[in-house]
Amino acid sequence: MGSTGTRRHGDKAAAIAEAAARLRAGEIVAFPTETVYGLGALATDGQAVAKVFEAKGRPSFNPLIVHVADLAAAEALAVFDAEARALAGRFWPGPLTLVLPLREGHGLSPLATAGLDTVGLRVPAHPVARALLAAVGGPVAAPSANRSGRLSPTRLDHVTSGLGDALGGAVEGGACAVGVESAILRTRPLALLREGGLPAEEIEAVLGRPLPRDLTPGRVQAPGQLSSHYAPGLPVRLNVTERAPDALLIGFGPVAGDLTLSASGDLREAAAALFDTLHRADALARERGRARLDVAPIPEVGLGRAIVDRLTRAAAPRNG
Ligand code: AMP
Ligand code: MG
């Protein structure tokens, strides 16, 4: 094997370059961060992000943490105020996720943000993650690289035993030093959304005041928290196969509709198109004087369950 030091270094660089190429090509790749292993997808590519939900078997589209190489890359996606910048300056790279308002023209797939008008951003500290993000040159959405409901992976063999065949690639990075997920902080209004790898006391020391907690699980998923661009203003009815004169029909597969989530009945394509289609359907319905959105049946398998979950929330009566 000769001088293994140089050789291993070269292998690692090649593995990172290969993983970056796969991410840019829309594949999903597991990679190490200092918190846990992430399952990454290019955050601007809706179909790639859909593959993450598919591989994890997630029953709902919750927002994913978007990983970037540095503060400058983060500021291209979200609006930082002085306090957010101070926190990023002190704790990035590191196990702190900041939830910030999206910047105009951010280019992220709404599937990565679950249609919210905010984004959770983080600059990870693990050298492999940093090198990978620099090589990708774009934002990478990455939840933990485990099947939904299973433990977060802190070693590559945890990842491969859980997700194996679903992966487009995986990069070795040893055992994760922090081993728990990042702390998640929303800056406006200020609240800790998830306890994590950065202790709340350290954040409070920088802010100079106590940190309110908002740890209610699932809160972020309430229809009222969807960006107004993606929360349809009209009532939604599911499982409709026939066009009705007073409704706009969103098709899927054999049910053509006025517009369609996927003409070929492809759930990955439908997931990637979901938020944008709701947005366009709402506008089109108003234009044509239709009072309701009807949606064709979606098979409740794989990604279909998360699509139906989101549509069911859209269909739920609003309580203001
Ligand atoms: P993970 O599965 O580790 O990627 O963590 C994702 C979690 O981050 C979500 O379930 C939310 O709790 C939180 N999160 C990400 N983005 C946002 C956001 N824009 N607003 C509120 N919470 C967010
Ligand atoms: Mg997780």
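The values are calculated or read from the model by the stated rules, or taken from the named source; none is laboratory data. Every value quoted in this text rests on a predicted model; they were computed, and no experiment measured them. When we count neighbours, we look across all protein chains shown, and the Cβ atoms used for this are built from the backbone with ideal geometry, even at glycine.
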Go through segment 114-125 and report how many residues are more than 16 Å from ligand 2 (Cβ to nearest atom), touching a helix residue (DSSP H, G or I) at 6+ places or on another chain (Cβ under 9 Å) and closer than 27 Å to T154 by Cβ. 3
Whichever residue in segment 6-53 is under 27 Å from V301 (Cα atoms) and hydroxyl-bearing (S, T, Y) and, among such residues, is surrounded by the fewest Cβ atoms within 10 Å (Cβ to Cβ): T44
Given the condition at pLDDT below 95, under 20 Å from T97 (Cβ atoms) and within 16 Å of ligand 2 (Cβ to nearest atom), answer yes or no: does some residue in segment 198-216 qualify? yes
Considering (1) among the charged types (D, E, K, R); (2) in contact with a helix residue (DSSP H, G or I) (Cβ under 9 Å, 6 or more places away or on another chain); (3) away from ligand 1 (no atom under 13 Å from the Cβ); (4) over 23 Å from A177 (Cα atoms), say which one D81 fails and leave the rest. (2)
Having 1 or more residues that are among the hydroxyl-bearing types (S, T, Y) and in contact with a strand residue (DSSP E or B) (Cβ under 9 Å, 6 or more places away or on another chain) is the bar; report the helices (runs of 4 or more DSSP H) wholly within segment 44-156 that clear it. 110-113
Go through segment 129-163 and count every residue that is aliphatic (A, V, I, L, M) and within 16 Å of ligand 1 (Cβ to nearest atom). 9
Going through segment 126-148 one residue at a time, which ones are within 15 Å of ligand 2 (Cβ to nearest atom) and of a type in the set (K, R)? R147
Selected residue [over 23 Å from N62 (Cα atoms), more than 16 Å from ligand 2 (Cβ to nearest atom) and surrounded by 15 or more Cβ atoms within 10 Å (Cβ to Cβ)] from V178, V171: V171
Could you please let me know if A84 is away from ligand 2 (no atom under 16 Å from the Cβ) and touching a Phe, Trp or Tyr at 6+ places or on another chain (Cβ under 7 Å)? no
What about K56, is it surrounded by fewer than 24 Cβ atoms within 10 Å (Cβ to Cβ), within 13 Å of ligand 2 (Cβ to nearest atom) and modelled with pLDDT of 95 or more? yes
Can you name the condition, by its number, that F61 falls short on among (1) at negative phi; (2) more than 16 Å from ligand 2 (Cβ to nearest atom)? (2)
Under 7 Å between Cβ atoms, at least 6 apart or on separate chains: pull out the pairs that start in segment 7-27 with a residue that is without any contact (Cβ under 8 Å) to a residue 60 or more places away in the chain and end on any residue that is surrounded by 15 or more Cβ atoms within 10 Å (Cβ to Cβ). G26/L42; G26/D45; G26/Q47; G26/A48
Qualifying residues in segment 111-165 (those that are hydroxyl-bearing (S, T, Y) and within 20 Å of L77 (Cβ to Cβ)) - the one nearest to the chain's Cα centre (by Cα): T113
